[in-house]
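Structure first, then comments.
A short reminder: the numbers here are calculations on the coordinates, not readings from a lab. Small disclaimer: the values here were computed from a predicted structure and weren't measured. For neighbour counting, all protein chains shown are included, and Cβ atoms are generated from backbone atoms with ideal geometry for every residue, glycine included.
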Amino acid sequence: MSRVIVITSGKGGVGKTTVSANLALSLAAKGKKVVAVEGDIGLNNLDVVLGVEDKVVYDAGEVAMGKATVMQALVPINDRLSLFPATTGALNIVTADIFVDIIKELKKSFDYVLIDSPAGIEDNFHRAAMGAEEGLLVTTPHIPAVRDGYKTVKVLASYGITKVGLVINRVRGEYVADKMMLSPDEVAKVMQIPLYGILPEDDFVNLYGIADVKNKRSGIGYSYSLLASYVDGSDKKLYDCVSQYGGFIGKFRRWLNI
C-alpha cells in the first residue's frame, strides 16, 4: 500500500529539501519504489539537489494544463526513484485540487510518495499538505526552529495529518554533550511527536547536500539509512550523536574539536 508523506518545517533553512532527497534515495536503496514530489512550487530546488535540473521536460504546470500526463512528467533518478518536478511557471496554475489529483495518480505506481513542502504555513504549504496522509517535521535543535516547527505540527493536525514524525537535522554531538545545544530528546519533548531520525552535522555530503552513504566514516550516510528504516518500520534505531564524546576520551575529543 502506497504511503504519502509530506516533509515540512516551520522555518526555512533547516535542510528540509536535502532531507527529502536523501530519504528518497535511502528508501530506494532499500528496494522501495519512490517518487520525490516538488511541492515547493516557485522556490523549487529538489531537481537541483537530485542533480536532474537539466533533464526536466514537463512539470506540474504542463500536467495541470493537459499538455502532459503525470507519468510523462516523471524524471528518473535511478531504477527505483523518480522526481515529479514543479517549476516556477506552475505556481499560479497548480491549484490544491489539481495537486491532490496528481498525488492520487502517483500513489498507483509507487510505494512512497514523498512531498517536499515549502516551509511555514502559507498557501503553498496548504497545497503541498492537502495530498498527504502522514508528515515528517524537519527541525534543527535551535529554539526558533523548534518553536516554528511546533506550530506547523498543529497545522498538520488541522488537515487531519496526525501521524507525524520528527527529524532533527544538523545535530552537533559535542555541543549536546557540553549542554551547549538542545538534545534530541529535549526537542522531541517540546514537539510532542515521535522522534524518527537524528542527523548529525557532517562533512561527508556533496555540494548539494547529498550524503556519502558509501563512506564508512560518514555518520550522515548511516543516519539517513537509519531514518529510512524507521520510516519503513523495519527498525527503530536512532543515530547516537553523543556516544563518541562521552568519557575521558570524548572530553579530550571535544577539547581538540574533533
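How far is helix 96-107 tilted, in degrees, relative to the longest principal axis of the Cα atoms in the chain, given as a value from 0 to 90 rounded to the nearest 10? That helix lies at roughly 80 degrees to the long axis. Put a dot 7 Å past each Cα toward the Cβ at S109 and E122; how far apart are the dots in nm? Going by the 7 Å Cα→Cβ label model, 3.2 nm.
Could you compute Rg(Cα) / (2.2 N^0.38 Å) for segment 145-246, with N its residue count?
Dividing the Cα radius of gyration by 2.2 N^0.38 Å gives 1.13.
For K33, a cut-off of 16 angstrom between C-alpha atoms picks up these aspartates and glutamates, skipping any fewer than 8 places away in its own chain: D79, E105, D111, D232. Set against the 2.2 N^0.38 Å expectation for a compact globular protein, the chain has a Cα radius of gyration ratio of 1.00.
Compared with the alpha-carbon gap, the fully stretched path from Y159 to D54 is longer by 34.3 nm at 0.36 nm per residue.
Against the chain, whose longest principal axis is taken from its Cα atoms, helix 247-256 shows a tilt of about 70°.
Among the listed pairs K32/K237; K16/K214; K30/K189; K189/K237, those whose Cα-Cα separation exceeds 28 Å are K30/K189.
Need one number: % antiparallel among DSSP beta bridges in the chain, to the nearest 5. Here the share of antiparallel DSSP bridges comes out near 10 percent. Contact order for segment 84-208, expressed relative to its length and based on alpha carbon pairs under 8 Å spaced 6+ residues apart, stands at 21 percent. Charges were assigned to the Cβ only: +1 to each Lys and Arg, -1 to each Asp and Glu. The resulting dipole of segment 3-256 about its Cα centre is roughly 840 debye. With a Förster radius of 25 Å applied to the beta-carbon distance between V205 and D178, the computed FRET efficiency rounds to 0.55.
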